[in-house]
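Heads up, the thing below is written out as structure tokens.
Every number in this text was worked out from the coordinates using simple rules, so none of it is lab data. Source: prediction; values computed, not measured. For neighbour counting, all protein chains shown are included, and Cβ atoms are generated from backbone atoms with ideal geometry for every residue, glycine included.
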Amino acid sequence: MNKGEMLYEGKAKKVYATEDPDLLIVSYKDDATAFNGLKKGTIAGKGVINNKMSNALMRLLEKKGVPTHYVEEINDRETIVKKVQIVPLEVIIRNIAAGSFAKHYGVTEGTPLKAPTIEFSYKNDDLGDPLINEYHVIALDLATQEEIDTIKTYAFRVNEELRKFWLTCGVTLVDFKVEFGRLSDGTIVLADEISPDTCRLWDSKTGDKLDKDRFRRDLGGVEEAYQEIMSRLEQHIG
Ligand code: ADP
Ligand code: UDP
């Protein structure tokens, strides 16, 4: 399968057409951004790690009954995926208070939550991805109630499966963001990526951050953290 026209260049990936109208090729970059693009940088080797990690986790989730856009990894940085119409929501699940949740609600970062939470942000860079609730989603015609219900079911299933998997690696899944899309027949599938860019992953023993917060917060050892989390995954994935 060959790359056709570049359809989109985002902050972390490029998206190409292919000869099959139902398939795309995504190409992962080393570029890193934070705070809605205000902070920019490069994390050497990130594209390769995010591509391989996202694919491995999507293969795992498919086995656990979560349909995904994943089709085939074609090289270190590039993957064939099913083309979807992205539902313009960032779906965020949290197990432990961190980041914007800790700030909004005045909870110390690291406080375990009584139960996992879900929230939606409207995927719109110009508006700064504002928080949005289900009524807003329906009122703005971003998704139907049935689609929202499916997305919630899948998102919590993703959480349970990834939480279990990362625990076997000695890693705590603190929170993460996922995106969903519609195939041409309307089926909802998990899309985009699952990687240290989109998850908070803490070493279960030391609490060390093994994710993009090292970049966001200038903690140093960014490349090393991405390599460490990838090597843990490779040692434990089936
Ligand atoms: P951003 O748009 O936030 O800068 P990226 O650099 O990751 O993000 O760009 C990838 C884009 O491709 C995102 O807008 C994402 O929603 C979209 N996307 C991810 N998976 C698919 C897919 N299977 N089909 C169509 N678009 C997708
Ligand atoms: N996240 C993401 N993309 C975004 C915003 C958040 O992947 O545009 C992820 C982030 O990596 C974390 C989770 O979603 O794992 C929750 O992020 P939070 O709302 O705490 O935002 P932040 O503190 O990153 O601003």
Residue list for segment 72-123, filter: within 11 Å of ligand 2 (Cβ to nearest atom), closer than 30 Å to ASP141 by Cβ and either assigned to a loop (DSSP other than H, G, I, E, B) or β-branched (Val, Ile, Thr) (or both): VAL91, ILE92, ILE93, THR117, LYS123
Of all residues in segment 24-47 being more than 16 Å from ligand 2 (Cβ to nearest atom) and surrounded by fewer than 17 Cβ atoms within 10 Å (Cβ to Cβ), which is nearest to GLN227 (Cα to Cα)? GLY45
Checking GLY4 against (1) exposed (fewer than 14 other Cβ atoms within 10 Å of the Cβ); (2) among the small types (Gly, Ala, Ser); (3) within 12 Å of ligand 1 (Cβ to nearest atom); (4) farther than 26 Å from GLU228 by Cα, only one condition comes out false. Which one? (3)
Search result, residues across segment 7-45 that are over 20 Å from ARG200 (Cα atoms), in a loop (DSSP other than H, G, I, E, B) and within 18 Å of the chain's Cα centre (by Cα): GLY10
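Taking ILE118 as the residue in question, decide whether it is under 16 Å from PHE180 (Cβ atoms), within 16 Å of ligand 1 (Cβ to nearest atom) and surrounded by 13 or more Cβ atoms within 10 Å (Cβ to Cβ).
Values: under 16 Å from PHE180 (Cβ atoms): yes; within 16 Å of ligand 1 (Cβ to nearest atom): no; surrounded by 13 or more Cβ atoms within 10 Å (Cβ to Cβ): yes.
The answer is no for ILE118.
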Cross-chain or 6+ apart pairs with Cβ under 8 Å, segment 186-209 first and free of Cβ contacts under 8 Å to residues at least 24 places away in the same chain, then within 12 Å of ligand 1 (Cβ to nearest atom) and of a type in the set (Lys, Arg): THR198/LYS177
Report every pair of residues separated by at least 6 positions or lying on different chains whose Cβ atoms are under 8 Å apart, first residue within segment 17-35 and more than 18 Å from GLY181 (Cβ to Cβ) and touching a residue at least 60 places away in the same chain (Cβ under 8 Å), second β-branched (Val, Ile, Thr) and away from ligand 2 (no atom under 16 Å from the Cβ). ALA32/THR42
